[in-house]
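Readers should treat all values here as calculations from the given coordinates under stated rules, not as data from a laboratory. Fair warning: this is a prediction, and the values are worked out from it, not measured in the lab. Glycine also receives a Cβ, built like all others from the backbone with ideal geometry; neighbour counts cover every protein chain displayed.
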Amino acid sequence: MLELRNVSYLVDDEDQGNQKEIIKNIDLTIEDGFTAITGPNGGGKSTLAKLVAGIITPTSGQIFFNGEDITGLSITERSRKGITFAFQQPVRFKGLTVKDLLKIAAGKDVSLNEVCNYLSEVGLCAKEYIDREVNASLSGGELKRIEIAMAIARKTPLTLFDEPEAGIDLWSFQNLIHVFENIHEHAGGSIIIISHQERILNIADRIIVLAAGEIKENGTKEEVLPKLLAGAAPSPVDAVETTPACPTLLNKMV
């Protein structure tokens, strides 16, 4: 279980000569299951993800994971506690193969059969990818799926994905949806996905709407998604563009 208590995060605003509050006194509890966090660009979603992962530290407040205060722990220490963070733009590792990364993620010398299973779960042919170097030769969609395979291999109690659909084509996006559906069906623990995508929100158990650094909605998919689709939520959220390559949720909240 993840719990945020009165968490705020401020940054220096050089233009105004003061501090800008990006996250504002958030109180939030996330139980096991699939939670989607959505909202406008600049609303604080990625900042919140980085606070949970330990990339940045709250200006005030506390973060608890399974009852333990992890506020002061680094990203490495949180990883050891069981928190996996998948970046919006996956990192390329020149000199390392896909098999190498999956072994590192699993924390053990996994068998060839296990590596094949991890790759097949994300729709990749092991024969074609197992010895591929994780470099510029891989597309954005391929990197996304390899990173998700690493998250599956880690099997941690909390896995956090920051806009996994960013920068990928329609074919890759459609496959990612199937991957997340399978993870949701078979994985235990908590999965948190930061996303604008209606199709991702539609497979979540709970949806949190974050705007202007504050939680505007927090409820089950059945409670929140109809409000988003109808544009009836009580918070100002920018319209999100819809493109043929990656259809997004239209937020028409005013």
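Positive end of the dipole of the chain, charges at C-beta (+1 Lys, Arg; -1 Asp, Glu), about the Cα centre: which of Phe34, Thr159, Gly231 has its Cα farthest in that direction? Of the listed residues, the answer is Thr159. A simple spin-label model places the labels of Ala230 and Gln16 3.4 nm from each other, with each point 7 Å out along Cα-to-Cβ. Multiplying the residue separation of Asn182 and Glu68 by 0.36 nm and removing their Cα-Cα distance gives an extension gain of 38.1 nm.
For the chain, with only Lys/Arg (+1) and Asp/Glu (-1) charged at the beta-carbon, what is the dipole magnitude about the Cα centre, in debye rounded to 20?
Taking the Cα centre of the chain as origin, the dipole is about 440 debye.
Taken as entire DSSP H runs, the helices of the chain that both span 20 Å or more between Cα atoms along their own long axis and average -0.5 or more on the Kyte-Doolittle scale are 140-154, 170-186. Ordered by the number of other Cβ atoms lying within 10 Å of each residue's own Cβ, fewest first, Val134, Val11 fall into the sequence Val11, Val134.
Gain on full extension, evaluated as 0.36 nm per residue between Lys24 and Gln174 minus their Cα-Cα distance, stands at 50.6 nm. The simple spin-label model puts a point 7 Å past each Cα toward its Cβ; for Asp100 and Lys127 those points are separated by 2.5 nm. Here's the picture: a label point sits 7 Å out from the Cα of Ser60 along the beta-carbon direction, and within the stretch 1-26 the residues with their amide nitrogen under 15 Å of it are 5-11, 19-26.
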